[in-house]
Amino acid sequence: MMDETASGHAGQGRSPNSMGGDNGSATAASAATPFDGLQAEGSREWIENAGVKDVESLVKMARNSESLIGKSFQKPGPDATQSENDAFYERLGRPREASGYALTPPEDMPEDLPYDTEFAGKFAETAHKYGISAEQAKGLHDFYVHETVGGYQAGLDGHVAQLEERTIAATSQLEKDWNAQQGTPQFNEQVALADRAIRELGGDTLLDGFEAAGMIGPQGIILNPAIAKAMANVGRELFGSSGGLALGGSSSADNPFAKEDQNLTQQSELQRNDPRRARSLILAAGRDPANWGL
């Protein structure tokens, strides 16, 4: 009895341990992985699809990937062929040919600052030689052109401002010397005499010389009052008063700017083709060149 009872108790004791208990532990062990704590669903899915079972496998996979990435962008050695070097730089974004760079002048390029296409071509060739990507080359090109345009515009603005200051100072001095305000017939007569003297004695060659020396500005703007006075005195000695301006074909009879004989067609042609001559005729007619934008 005691043996049977003991045997029965023993059998009953083994049943939950050997069948129920052992089976449950094996199931739990097979389901548990080092990545069960991952919160992102995408990460758990990637681990499962990659077949990663443990941390060591994951580390090995990461090291292999890092090695492959490093080798794929590793610059070829000194013994590499030209084709190997080309393949490397093209993977980094360099165009196949230097002509593949998209280098264009900016839309706000000043009309009087021509774009140097020859320089741009040399820049493209150099960029291609050193493996510069298309994006990098365009960035460097645009920066250089922008800085060049900015420097040119700043210099131009400064030059214009300087001309304006000199013109104002010269005009103010001449108004005192000639005792007449700018734009009046008396003032215009003196300017016309000076202009006529320059034209008769040297023409455009003399005008260009005075302009190169900084004595007059574009379109005959007076910058040096002493030269204007001297030329006006020469004109008076040679041609007399403003009436003497008829010499050389500048009389009111053939002056398209004269009030009594205006010719708009000739005025337009002179303004377009010979602004200096137009200015001279306007002054000879006793009128203000500023009214014609001169």
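Which residue out of Q186, Q181 is outside any helix (DSSP H, G or I), open to solvent by 70 Å² or more (accessible area, probe 1.4 Å) and not aliphatic (A, V, I, L, M)? Give the steps one after another, and end with the answer.
Details: Q186 fails: outside any helix (DSSP H, G or I).
Among Q186, Q181, only Q181 is outside any helix (DSSP H, G or I), open to solvent by 70 Å² or more (accessible area, probe 1.4 Å) and not aliphatic (A, V, I, L, M).
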So in the stretch 133-159, with the set limited to residues that are aliphatic (A, V, I, L, M) and surrounded by 12 or more Cβ atoms within 10 Å (Cβ to Cβ), which one is nearest to G121 (Cα to Cα)? A137
Is the stretch 72-82 home to any residue that is open to solvent by 100 Å² or more (accessible area, probe 1.4 Å), more than 30 Å from P218 (Cα to Cα), charged (D, E, K, R) and not in a loop (DSSP other than H, G, I, E, B)? no
For the condition of a type in the set (A, V, I, L, M, F, W, C), modelled with pLDDT of 70 or more and over 41 Å from the mean Cα position of the chain (by Cα), what is the one hit in L270, L283? L283
Scan A87, A127 and give me the residue that is free of Cβ contacts under 8 Å to residues at least 24 places away in the same chain, surrounded by 12 or more Cβ atoms within 10 Å (Cβ to Cβ) and of a type in the set (G, A, S). A87
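The values are calculated or read from the model by the stated rules, or taken from the named source; none is laboratory data. Remember, predicted model here, so these are calculated numbers, not experimental data. Heads up, the Cβs are rebuilt from the backbone with ideal geometry, glycines too, and the neighbour counts pull from every protein chain shown. Side chains included, ligands, DNA and RNA excluded: accessible areas come from the protein's heavy atoms. Shrake-Rupley method; radii C 1.70, N 1.55, O 1.52, S 1.80 Å.
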